[in-house]
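**Q** Structure incoming, see below.
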Amino acid sequence: HDLIIMARGAEKKASQAKSVAAKTYFPILCGTNGLYAVVRCLVGFSSLNWFTCMRAASMALSSYTMYGFVIEAAAQNNAGGKNAQIAGSHYFDIYALVSFVQILASVEFLIRGTEYSWYLTLIVPAFAAYYGGTFVFNNFIKGKEKDDEEEER
């Protein structure tokens with residue numbers, strides 16, 4: 001009986017955390033995507049091309065996806081999940097990076113008429129490659145070397 005009460009309490013805390021996180025991050029999501037859309041479609045309509053539209057769509061999709069992950073991680077963190085906190089920080093980092101890049105690209109386009117700031121989003125696959133390479137090295141290459149050393153003894 002006590003476990004059911006505790007589970008309901010954790011569920012309620014998670015729901016409240018989701019609500020608070022959604023109220024915090026949804027305006028950022030709408031604001032950054034809206035600013036970029038207004039600047040590129042209204043001010044820079046003549047320079048729109050397929051690549052610009054695809055980049056805007058991919059940035060909007062990735063920020064919306066990360067928004068969902070950030071909301072879920074906030075709920076799990078409040079319910080006491082330690083692993084969610086680690087994953088949630090990565091989700092938030094990507095969400096913040098994409099939001100920052102969209103604002104920076106809008107300002108850069110207004111000032112210079114160019115958009116090179118989106119190259120900052122290449123940090124994400126660079127980190128993925130780094131962590132993937134570290135995982136492969138530590139678990140397969142370095143691990144194989146240790147096995148070979150133990151066999152020689």
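**Q** Could you work out how much longer the chain between F140 and F51 gets when fully extended? Use 0.36 nm per residue separation minus the Cα distance between them, nm to one decimal.
**A** 28.2 nm
**Q** Just grab the label-to-label distance for Y116 and S58, each label 7 Å out from Cα along the Cβ direction, in nm (one decimal).
**A** 1.9
Read-outs throughout are calculated quantities, based only on the coordinates presented, and are distinct from any laboratory measurement. Quantities reported herein were computed from a predicted structural model and do not represent experimental measurements. Backbone-built Cβ (ideal geometry, glycine too); neighbour counts: all protein chains shown.
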